[in-house]
Amino acid sequence: MSSTDSLDALIQALKRLPGVGVKSAARMAFHLLQRDREGALVLAQALARAVDTMQHCARCHTFTEGTVCAVCLDPERDATRLCVVETPADQSALERTSAFDGLYFVLMGRISPLDGIGPHDIGLKKLLERACDGVVQEVILATNFTAEGETTAHIVSEALKSRGLRVTRLARGVPVGSELEYVDLGTIAHALADRR
């Protein structure tokens with residue numbers, strides 16, 4: 001193994017992160033090796049620990065260290081309302097608004113026919129089982145306002161309505177084409193309050 005193989009492997013690994021190209025990955029790698037070796041070790045240990053300990057919540061499908069996440073176990077949450085989001089990052093954004101006290105279901109993706117991702121690939125069956133548990137009265141669709149998010153919302157909405165559930169959608173306060181984790185909290189809070 002040459003002296004640059006480890007550096008190249010680090011750059012290639014960092015490049016796997018979303019939005020990180022070769023130049024950014026190289027900048028990060030050089031920073032960690034040149035100026036923050038301790039930080040590099042902390043990062044490596046935290047990443048290894050997360051990969052080893054994190055799993056999907058048995059009820060909502062988000063990431064958790066236990067079988068069921070803290071939100072699902074919280075008796076103060078309104079179990080009659082279920083908010084459907086694409087990713088744990090979207091769930092986290094909604095939680096930071098403090099505007100929603102119900103429970104969640106995380107799809108871990110969105111329907112994207114061009115990428116070969118259909119309803120079965122995002123756990124639609126598990127969502128339907130969860131939403132039809134006899135407790136949930138309203139399902140709030142909080143998928144992103146992208147073409148794929150809108151497609152996902154439409155298909156999920158039709159499946160839920162055919163089972164007699166009340167389905168609402170976040171209001172259009174969230175800009176079209178945006179992703180929840182990057183939208184300011186005030187906009188998300190208003191969109192949730194004004195859902196239709």
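The values are calculated or read from the model by the stated rules, or taken from the named source; none is laboratory data. Remember, predicted model here, so these are calculated numbers, not experimental data. No Cβ is skipped: glycine too gets one built from the backbone with ideal geometry, and neighbour counts run over all protein chains shown. Heavy atoms of the whole protein, side chains included, go into the accessibility calculation; ligands, DNA and RNA do not. Shrake-Rupley method; radii C 1.70, N 1.55, O 1.52, S 1.80 Å.
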query = Over all directions, what mean area does the Cα convex hull of the chain project, stated in square nanometres?
reply = 13.5 nm²
message = Taking the solvent-accessible surface of protein heavy atoms with a 1.4 Å probe, what is the per residue accessible area of the chain in Å²?
response = 57 Å²
key: Within the chain, helix-based [θ] at 222 nm, where runs of 4 or more DSSP H residues each add -39,500 (n - 2.57), nearest 500   = -13500 deg cm²/dmol
message = Tell me the carbon and sulfur percent of the accessible area for the range 34-152, rounded to whole percent, probe radius 1.4 Å.
response = 55 percent
ask   = Can you list the trypsin sites (Lys or Arg not before Pro) in the range 69-121 that are in a DSSP coil and have 16 or fewer other beta carbons within 10 angstrom?
value = Arg77
With DNA, RNA and ligands ignored, accessible area of Val176 (1.4 Å probe; Å², nearest 10) = 110 Å²
message = How far apart, in nanometres, would the label points at Glu95 and Arg49 be if each is projected 7 angstrom from Cα along the Cα-to-Cβ direction?
response = 1.7 nm
